[in-house]
């Protein structure tokens, strides 16, 4: 079966789906994106992803090309046409097509919209139960990573370094030793007194939609959750360390660089939060397609 994409108003086989060579997303990275997990045929935290899409577009002064309801209808159709039960949907919205020039076009142009879907949603449960290794890389990204732009070259370089180190992810560290997040996921540590720490939602991280849900689930379960900056030295001294992300869910980390985390085994807090998150996504019904934010 051919994969079907939505491109600027048309559903097309991906082999026939193209954007213009002067699309500003291609020329300048002048575009934003979202990736939503599809679980049991339903989107996870769909409304939160659309809300963040709207915010990212607003920060770049790109008009929202359609309503959330219209986005929901198109995404649902792309999922249906591709018969995705467990997978992901990719949404990209750019400023549009205009002769190459750095300033924004003077005249209004139509934003570009691309939506695709694919099968497969993250690593296996066996990987999570064993825990993963992360490499350590300098955070060389620009100063507004809170905007989910397609300008991901620093992230790609960090991820490639992780692959070459036979690691699952790359942990990003600023010059002052502060850990921000990973190349494609948010980072958390658990202190020896069982407090859960994650970097605050500033312009230094992309505030993950999964991050927000896991935070709510953790607080509901009675955990102490703190949003504050932490250092690589604190990671080395932590009782547990884990990642969260759209397809990562909650992923225990057992090794950072060449150093084990605690005893080198997945921590009980991370494993419990992972199961809570899986229970949450398994409990989603058709209301998951609503553009109104739902509480876990």
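The values are calculated or read from the model by the stated rules, or taken from the named source; none is laboratory data. Only a predicted model underlies this, so the values are computations on that prediction, with no experimental measurement involved. Don't worry about glycine lacking a Cβ; one is built from the backbone with ideal geometry, like all the others, and counts go over all protein chains shown.
Key figures
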quantity	calculated
Extreme residue, farthest from residue 91 (Cα to Cα), among residues of the range 1-13 that are modelled with pLDDT of 95 or more and loosely packed, with under 14 Cβ neighbours inside 10 Å	13
Criterion (over 18 Å from the mean Cα position of the chain (by Cα) and within 26 Å of residue 273 (Cβ to Cβ)) met by exactly one of 87, 96, 122, 131	131
Filter result for residue 209 (closer than 30 Å to residue 87 by Cβ and in contact with a strand residue (DSSP E or B) (Cβ under 6 Å, 6 or more places away or on another chain))	no
Every residue from the range 54-92 that is assigned to a loop (DSSP other than H, G, I, E, B) and crowded, with 19+ Cβ neighbours inside 10 Å	62, 84
Filter result (free of Cβ contacts under 8 Å to residues at least 12 places away in the same chain and under 25 Å from residue 46 (Cβ atoms)) within the range 183-214	none
Residue satisfying condition, being closer than 23 Å to residue 201 by Cα and surrounded by fewer than 23 Cβ atoms within 10 Å (Cβ to Cβ), within set 259, 228	228
Residue match in the range 20-38 (condition: over 23 Å from residue 95 (Cβ atoms), surrounded by fewer than 15 Cβ atoms within 10 Å (Cβ to Cβ) and assigned by TED's automatic domain parsing to the domain that holds residue 77)	no
The range 27-85, residues that are out of contact with any helix residue (DSSP H, G or I) (no Cβ under 9 Å at 6 or more places or on another chain) and closer than 20 Å to residue 207 by Cα	55, 56, 57, 58, 59, 60, 61
Selection from the range 119-154 of residues that are modelled with pLDDT under 95 and either closer than 24 Å to residue 234 by Cα or in contact with a strand residue (DSSP E or B) (Cβ under 7 Å, 6 or more places away or on another chain) (or both)	120, 121, 122
Those residues of the range 199-212 which are in contact with a helix residue (DSSP H, G or I) (Cβ under 7 Å, 6 or more places away or on another chain) and surrounded by 22 or more Cβ atoms within 10 Å (Cβ to Cβ), in sequence order	209
Strands (runs of 3 or more DSSP E) fully within the range 215-271 counting 2 or more residues that are without any contact (Cβ under 8 Å) to a residue 40 or more places away in the chain	225-227
Residue in the range 164-174 that is out of contact with any strand residue (DSSP E or B) (no Cβ under 6 Å at 6 or more places or on another chain), buried (at least 20 other Cβ atoms within 10 Å of the Cβ) and in contact (Cβ under 8 Å) with a residue 24 or more places away in the chain present	no
Matching option when the condition is under 26 Å from residue 211 (Cα atoms), outside the structural domain of residue 14 (by TED's automatic domain parsing) and either touching a residue at least 12 places away in the same chain (Cβ under 8 Å) or not in a strand (DSSP E or B) (or both), among 129, 51	129
